[in-house]
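Reading through the structure tokens given below for one structure.
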Amino acid sequence: QVQLVESGGGLVQAGGSLRLSCAASGCTFRVNAMGWFRSTPGKEREFVAAITWSDSDTYYTDSVKGRFTISKDNAKNTVYLQMNSLKPEDTGVYYCAASRFVSSNYPADFESWGQGTQVTVSS
């Protein structure tokens, strides 16, 4: 079992930046990729970005390409999501997740989830 704890959410004006962090603990040797998802009322949980643990290959949903950057610090077992040029439509609860699969953007392929952190972008 992998435990994940997110931090870094908050309220920011459009055009601003936030950095989310996700600290992993427990059976992290089983993790092959980490991802960020977000949810908003009335919508399914949406893939945002993912990074492979060994090669640091990154994947993004089209709406955040060029604005968001996912990265990791293996020594700290921590994944980051740097969010720049934020838009009101980026508002939501952001979840960190861990997967034994190398690359996937399906929530069902991620076995461990954090509690979520709220990101609110005002216009």
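In the range 97-117, the qualifying residues are those that are among the small types (Gly, Ala, Ser) and either assigned to a helix (DSSP H, G or I) or on the phi < 0 side of the Ramachandran plot (or both), and the one that is most open to solvent (accessible area, probe 1.4 Å) is Ala108.
In the condition set (1) assigned to a loop (DSSP other than H, G, I, E, B); (2) within 15 Å of the chain's Cα centre (by Cα), Arg19 is compliant with all but (1). Whether a residue is of a type in the set (Gly, Ala, Ser) and more than 13 Å from Gln82 (Cα to Cα) was assessed, and Ser7 does not pass this test.
Checking each residue in the range 22-43 for being of a type in the set (A, V, I, L, M, F, W, C) and either surrounded by fewer than 16 Cβ atoms within 10 Å (Cβ to Cβ) or assigned to a strand (DSSP E or B) (or both) picks out Cys22, Ala23, Ala24, Cys27, Phe29, Ala33, Met34, Trp36, Phe37.
Return yes or no: is Arg19 open to solvent by 60 Å² or more (accessible area, probe 1.4 Å) and within 19 Å of Thr69 (Cβ to Cβ)? It is true that Arg19 is open to solvent by 60 Å² or more (accessible area, probe 1.4 Å) and within 19 Å of Thr69 (Cβ to Cβ). Checked against (1) over 16 Å from Thr28 (Cα atoms); (2) free of Cβ contacts under 8 Å to residues at least 24 places away in the same chain; (3) of a type in the set (S, T, N, Q), Thr61 passes all but condition (2). Residues considered: Ala50, Ala14. Of these, the only one that is modelled with pLDDT of 95 or more and more than 19 Å from Glu111 (Cβ to Cβ) is Ala14.
When Asp57 is tested against the conditions (1) exposed (fewer than 14 other Cβ atoms within 10 Å of the Cβ); (2) farther than 15 Å from Ser104 by Cβ, the lone failure is (2).
Only residues that are assigned to a strand (DSSP E or B), open to solvent by 10 Å² or more (accessible area, probe 1.4 Å) and either touching a Pro at 6+ places or on another chain (Cβ under 7 Å) or not hydroxyl-bearing (Ser, Thr, Tyr) (or both): list them for the range 66-96, please. Those that are assigned to a strand (DSSP E or B), open to solvent by 10 Å² or more (accessible area, probe 1.4 Å) and either touching a Pro at 6+ places or on another chain (Cβ under 7 Å) or not hydroxyl-bearing (Ser, Thr, Tyr) (or both): Lys72, Asp73, Gln82, Val93.
The values are calculated or read from the model by the stated rules, or taken from the named source; none is laboratory data. Model, not experiment: these values are computed from the prediction. Please note: Cβ atoms are built from the backbone with ideal geometry, for glycine as well, and neighbour counts cover all protein chains shown. Protein only, heavy atoms only, side chains kept; ligands, DNA and RNA dropped before computing areas. Shrake-Rupley method; radii C 1.70, N 1.55, O 1.52, S 1.80 Å.
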